[in-house]
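Visitor: Please see the structure below; I have some questions.
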Amino acid sequence: MIELEGIEKTYVSGEVVTRVLQGISFEIEAGEYVAIMGASGTGKSTLMNILGCLDIPTAGHYRLDGTDMVNLDDEALSQLRNRKIGFVFQQFHLLQRTTARKNVLLPLIYAEDYPENAEEMAEAALEMVGLHDRIDYRPNQLSGGQQQRVAIARALITNPAVLLADEPTGNLDRRSGAEVMAIFQQLSAGGRTVILVTHDREVAEHAERVILLDDGQIAEDRRVDQPRDAEQELTNLTVGEEVYE
Amino acid sequence: MRRFHVASEGWGSLRANKLRTFFMMAGTIVGIAALTVIMTIGKGTERQVMRRVENFGPRAMMLVAGGGRATGPPDAQVTTLTLADMEAIRDKISGLEIVTPQAWATRTPLTRGSAQTRATLWGVEPEWHAAWDWYVAEGEEITHEDVATMARVCVIGSSVKRDLFGDEDPIGESLYVNKVRVTVTGVLERRGTAGTGGGDFDNRILLPITTAMRRVLNVEHIGAVRMITTDARRMPEQAEAITGLMRRRHRITPPAEDDFRINSPLAVAEVVRGTSRTLSILLMVLAGLSLFVGGVVLMNILLISVAERTAEIGLRRAVGATRGDIFTQFLTESLSVTFLGMVVGSALGAGVSLAVQHLTPLPVILSWEPFAVGIAFAFLVGAFFGVQPARRAARLPPVEALR
Ligand SMILES: Nc1ncnc2c1ncn2[C@@H]1O[C@H](COP(=O)(O)OP(=O)(O)O)[C@@H](O)[C@H]1O
Ligand SMILES: [Mg+2]
């Protein structure tokens, strides 16, 4: 479903040439749960932005569901993002002073047809991430974990082909992070393609496959024999808390 | 439909930041309010100009005794305008349908038994009626025979009739003008008041000009010459010819001030417009300044807002907003501000206009036109000053906006 072929990304500012991605090629099948891992500054976010059609590679080809996005214009790329891609960011990027419900239905505003039952769709998406009792809360009335779950609901409302998450647990405590990872595993089990970007090996090993980036190139691409079970970790955390108390 | 939803995203941040929205609107409010007041006063003034020109006579000119100002009644102490001047105009100036003299005295005491009043006295010829398009409602006009025989007759205005005769029929009754007894032969049609600062048109008494000059006022000069031209377009040229003729007859060379003046509909309109002109110019400056400064403030607040909302813009792009959608959102925000400001400003302007109407003699007419002009200006200001911030927001590369 995702085919990358010799993807390069080079930034030129004045005399300085930064070759961030230096020929990345891989394929991801529909329904896979893949982690893109690597140290900070190795080009993970750059790669994810290209995968999300937010940025265009300097060279190479990227086919999403068969369409090569390299030659598309702004409008077509925007439409592609709206229809096929759900983003989750480290900083949540929720609109402040706006309720969870309105945040979640934002992608529908940019859809070709605004569905009549947008509000109900938003409620259903929030229910799916366990926030049915926070529907009309604003971001500043929610914890970090809850905010990230609102962001996940927002990413899912258009029923995208791919969920892209860039360091989704980076700003969260262990427990909230585990909750987010549990949701991703649920989604993956339900057949959704999930691509997770992280610098953290522990987080990456929740996925079924890990692509290791080093200095703009693929250093390793391997299956994870025993993916970590986020649900189990959550239970352990809870037990730990009970003992502690 | 998609457009509508995208555009309506532009209202959200206005409602969320009410104080900021108010600062963005302030200039538009003041500017549109000032524009509204200019237009209501302008329309009132033009209506008054039309009425005054109608009253004066669209084809009429007046040669009036006394120089140094544009309008008003003859100067009582100027005694240089004579019947001979009037005859000279009749002889030498072409294209005049009527040329008729008027002797004049202000606040002349009139008595009938114990009833008394004061009224403007005019000594006239029968042509006066045609020259003013003003005829008797009851009785008879002044005749050529009355003038020839210095008849002791008069035609009175309706206010004089009311003050001296009440509900009685005045025709054939007599009254005293400066101790001279005259008989009322007619009552003029009502004309009412003359608008801003104008006196009561109906508080007047007409005598045959000979009777007025010889029997009542005992003077050799007249107050004015009333003229009706055959062609209104010739008026400026005729006025110039009359000025030349009069200067020659009165031996006046230009640095010296004229002892006469010529009134025309143009001069009348000029005087009426003059009263509101200063205010209108001030308001125009205020409107222009407010709209411009307000627009610049609006633009800068929007630019700051674009900078503050970089992440929001990036996020919107990530979930599917095109550059055009972002442009639409910010332009809608700008236009919403100016339209809201326009509504408030129009209401404020209408309120101020009503206050002006009640508190000053300036004429004011409320109508839909200021509202239409307000909409046009709201659109212009909102679009002009909103384009740059909207374009900047639309051009943000999504990747950088999200960093
Ligand atoms: N616009 C840019 N201009 C120049 N260099 C950039 C630009 N964007 C990213 N980079 C560089 O690309 C490298 C990879 O960045 P990024 O993809 O964010 O890494 P990661 O997400 O793995 O931490 C970094 O060294 C960064 O400095
Ligand atoms: Mg990164």
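The values are calculated or read from the model by the stated rules, or taken from the named source; none is laboratory data. Predicted model, so just to flag it, every value in this text is computed and none were measured. Cβ sites come from the backbone with ideal geometry, for glycine too, and all protein chains shown count toward neighbours. Just so you know, the surface numbers come from the protein's heavy atoms only, side chains and all, with ligands and any DNA or RNA stripped out. Shrake-Rupley method; radii C 1.70, N 1.55, O 1.52, S 1.80 Å.
Visitor: Under a Cβ-only charge scheme (Lys and Arg +1, Asp and Glu -1), can you give me the dipole magnitude of the protein assembly as shown about the Cα centre, in debye to the nearest 20?
Guide: Here the size comes out at about 3400 debye.
Visitor: Also, quick follow-up: Let me spell out the model: positive unit charges on the Cβ of Lys and Arg, negative unit charges on the Cβ of Asp and Glu, origin at the Cα centre of chain A. What dipole size does that give, in debye rounded to 20?
Guide: 460 debye
Visitor: For B:Met62, what charge total do you get from the other residues with a beta carbon under 11 Å from its beta carbon, if Lys and Arg give +1 and Asp and Glu give -1?
Guide: +2
Visitor: For the protein assembly as shown, what is the calculated [θ] at 222 nm in deg cm²/dmol (nearest 500), taking -39500 (n - 2.57) for each run of four or more DSSP H residues and dividing by its residue count?
Guide: -15500 deg cm²/dmol, from helical runs alone.
Visitor: Would you please classify the overall shape of region B:43-128 from the alpha carbon gyration tensor, given that a ≥ b ≥ c denote the square roots of the eigenvalues, rounded means a/c under 1.5, and beyond that prolate means a/b larger than b/c while oblate covers the rest?
Guide: Note, shape of region B:43-128 comes out oblate.
Visitor: Projected onto the charge dipole of the protein assembly as shown (+1 at Lys/Arg Cβ, -1 at Asp/Glu Cβ, origin at the Cα centre), which of B:Val30, A:Val20, A:Ile183 gives the Cα projection farthest towards the positive end?
Guide: So the residue we want is B:Val30.
Visitor: Are there any trypsin sites (Lys or Arg not before Pro) in region B:248-299 that are in a DSSP loop and have at most 10 other Cβ atoms within 10 Å? List them by number.
Guide: Taking region B:248-299 and a limit of 10 other Cβ atoms within 10 Å, the loop trypsin sites (Lys or Arg not before Pro) found are B:Arg251.
Visitor: Share of region B:266-401's accessible area from carbon and sulfur, percent, 1.4 Å?
Guide: Its accessible area is 76 percent carbon and sulfur atoms.
Visitor: For B:Ser159, what is the net charge nearby, where nearby means another residue's Cβ is under 9 Å from its Cβ and Lys, Arg count +1, Asp, Glu -1?
Guide: Summing Lys and Arg as +1 and Asp and Glu as -1 gives +1.
Visitor: At 7 Å along the Cα-to-beta-carbon direction for both B:Ala376 and B:Lys179, put a label point, then send me their distance in nm to one decimal.
Guide: Rounded to a tenth, the inter-label distance reads 6.6 nm.
Visitor: Antiparallel versus total DSSP beta bridges in the protein assembly as shown: what percent is that, nearest 5?
Guide: The antiparallel fraction comes to roughly 70 percent.
Visitor: Here's a follow-up. Could you please put A:His132, A:His61 in sequence from largest to smallest accessible area, using a 1.4 Å probe?
Guide: Greatest to least solvent exposure: A:His132, A:His61.
Visitor: Before we go on, tell me the buried accessible area for the A/B pair, both chains summed, 1.4 Å probe, in Å² to the nearest 100.
Guide: 2100 Å²
Visitor: Please state the relative contact order of chain A as a whole percent: Cα pairs under 8 Å, 6+ residues apart?
Guide: This gives 26 percent for chain A.
Visitor: Please state the shape class of chain B: rounded when a/c is under 1.5, otherwise prolate if a/b exceeds b/c and oblate if not, all from the C-alpha gyration tensor.
Guide: In terms of gyration-tensor shape, prolate.
Visitor: Quick one, can you get me the convex hull of the C-alpha atoms of region B:79-258 expressed as volume per residue in Å³?
Guide: 136 Å³
Visitor: Moving to a separate point now. Sort out the exposed loop GluC sites (Glu not before Pro) in chain B (DSSP loop, at most 15 other Cβ within 10 Å) and tell me the longest stretch that has none.
Guide: Longest site-free region, per DSSP loop and neighbour criteria: B:258-403.
Visitor: Would you mind getting the accessible area per residue of the protein assembly as shown, heavy atoms of the protein chains only, 1.4 Å probe, in Å²?
Guide: On a per-residue basis, 46 Å².
Visitor: With a Förster radius of 35 Å, plug the Cβ-Cβ distance of A:Arg175 and A:Arg223 into 1/(1 + (r/R0)^6) and report the FRET value to the nearest 0.05.
Guide: According to the calculation, E is roughly 0.80.
Visitor: Grab the beta carbon distance between B:Lys18 and A:Ala39, set R0 = 41 Å, and tell me the FRET efficiency rounded to 0.05.
Guide: Working from the Cβ atoms, E equals 0.30.
Visitor: Right, another one. So if I average 1/r over every pair of distinct C-alpha atoms in the protein assembly as shown and take the inverse, what Kirkwood radius in Å does that give?
Guide: Roughly 32.3 Å, rounded to one decimal.
Visitor: Determine the relative contact order of chain B: mean sequence separation of Cα pairs under 8 Å and six or more apart, normalised by residue count, in whole percent.
Guide: Worked out over chain B, it gives 31 percent.
Visitor: For chain A, what class follows from the C-alpha gyration tensor (a ≥ b ≥ c being the square roots of its eigenvalues): rounded when a/c is under 1.5, otherwise prolate if a/b is larger than b/c, else oblate?
Guide: Oblate.
Visitor: Next question. What is the distance, in nm, between label points placed 7 Å from the Cα along the Cα-to-Cβ direction at B:Arg277 and at A:His61?
Guide: Placing both labels 7 Å beyond Cα along the Cβ direction yields 7.8 nm.
Visitor: Between B:Arg395 and B:Thr230, how high is the FRET efficiency from 1/(1 + (r/R0)^6) when r is the Cβ-Cβ distance and R₀ = 56 Å? Nearest 0.05.
Guide: That pair, B:Arg395 with B:Thr230, gives E of 0.20.
Visitor: Restricting to bridges with both residues inside region B:79-258, how much of the DSSP beta-bridge set is antiparallel, in percent to the nearest 5?
Guide: 75 percent
Visitor: Considering only chain A, what is the antiparallel percent among its DSSP beta bridges, to the nearest 5?
Guide: Close to 55 percent.
Visitor: At 1.4 Å probe size, what's the solvent-accessible area of A:Glu32? Round to the nearest 10 Å².
Guide: 20 Å²
Visitor: When ranked by the protection proxy of mean other Cβ atoms within 10 Å per residue, highest first, what sequence do the peptides B:283-293, B:336-346 form?
Guide: Ranked by mean Cβ neighbours within 10 Å, highest first: B:336-346, B:283-293.
Visitor: Please work out how much length the chain gains when fully extended from B:Ala137 to B:Leu266, using 0.36 nm per residue of separation minus the C-alpha to C-alpha distance, in nm with one decimal.
Guide: So the chain would gain 43.5 nm between B:Ala137 and B:Leu266.
Visitor: Sum up the charges of everything whose Cβ sits under 14 Å from the Cβ of B:Arg249, counting Lys and Arg as +1 and Asp and Glu as -1, but leave B:Arg249 out.
Guide: 0
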